[in-house]
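Below is one structure, written out as structure tokens, with a few remarks after it.
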Amino acid sequence: MDTLVVYYSRSGSTKIVAAALAHGVGGTLRELVDANARTNLFAAAMAALFRRPARLVNPDYNVTGYDTVVIMTPIWVGNPTPAANTFLRTVNLTGKKVLFVALGESGENLATSSRLEEMARVRGGQVLGIHHIHGLNSSGRAGPSATAEELQSQGQRLADVLREPLDQEN
């Protein structure tokens with residue numbers, strides 16, 4: 001199984017999980033780089049809320065040669081990031097298995113899950129599932145925040161989840 005792990009990370013938590021997952025499955029890691037640094041949290045939240053796209057630096061939407069595409073994005077005000085929106089509106093996922101990993105300060109969000117599933121299906125993908133992970137608390141609000149070690153462990157756990165079907169086939 002050739003796996004591509006595509007991710008956007010503003011504060012670094014998604015990058016930690018993505019690297020651990022890609023390493024765990026022997027996959028390829030691809031970062032989505034937003035030309036806008038998104039340092040203004042209010043403006044970033046509004047862009048996500050209104051489901052705006054981003055201008056990506058050196059975008060690569062080619063997923064040929066991969067059986068599985070893992071798309072990882074922080075969730076801002078219940079929505080994927082602008083970088084993830086751009087990728088999902090452009091990539092051809094026909095015949096690809098797609099796993100979403102959504103990182104946020106809150107738990108599972110069914111509306112977000114439905115939105116991500118629909119975006120992948122419109123692009124031809126077969127959604128394997130959506131995993132929600134509690135990420136770093138970067139908003140400045142009081143509340144729990146995952147540690148780097150916890151995030152790495154989550155990435156390793158997701159790699160195990162992806163490897164399970166292969167182990168059962170052999």
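The values are calculated or read from the model by the stated rules, or taken from the named source; none is laboratory data. Owing to the predicted nature of the structure, the values given are computational and were not obtained by experimental measurement. Note that each Cβ is placed from the backbone with ideal geometry, even for glycine, and that neighbours are counted across all protein chains shown.
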Handout entry: Criterion: among the aliphatic types (A, V, I, L, M) and in a loop (DSSP other than H, G, I, E, B) - qualifying residue of A102, A111, A54, A43
Key = A54
Exercise for the section: Give the number of residues within segment 71-99 that are modelled with pLDDT of 95 or more and assigned to a loop (DSSP other than H, G, I, E, B). Expected result: 6
Problem - Flag for G125 being at pLDDT below 90 and farther than 16 Å from T81 by Cα - result: no
Completion exercise
Those residues of segment 20-79 which are among the polar types (S, T, N, Q) and in contact with a Phe, Trp or Tyr (Cβ under 9 Å, 6 or more places away or on another chain) amount to T28, T73, N79
Practice task
For segment 24-64, enumerate the residues that are basic (K, R) and exposed (fewer than 13 other Cβ atoms within 10 Å of the Cβ).
Solution key: R55
Exercise for the section: Looking only at segment 9-23, decide whether some residue is crowded, with 22+ Cβ neighbours inside 10 Å and more than 23 Å from R163 (Cα to Cα). Expected result: yes
Problem - Residue among L56, L21 that alone is at pLDDT 95 or above and under 15 Å from the mean Cα position of the chain (by Cα) - result: L21
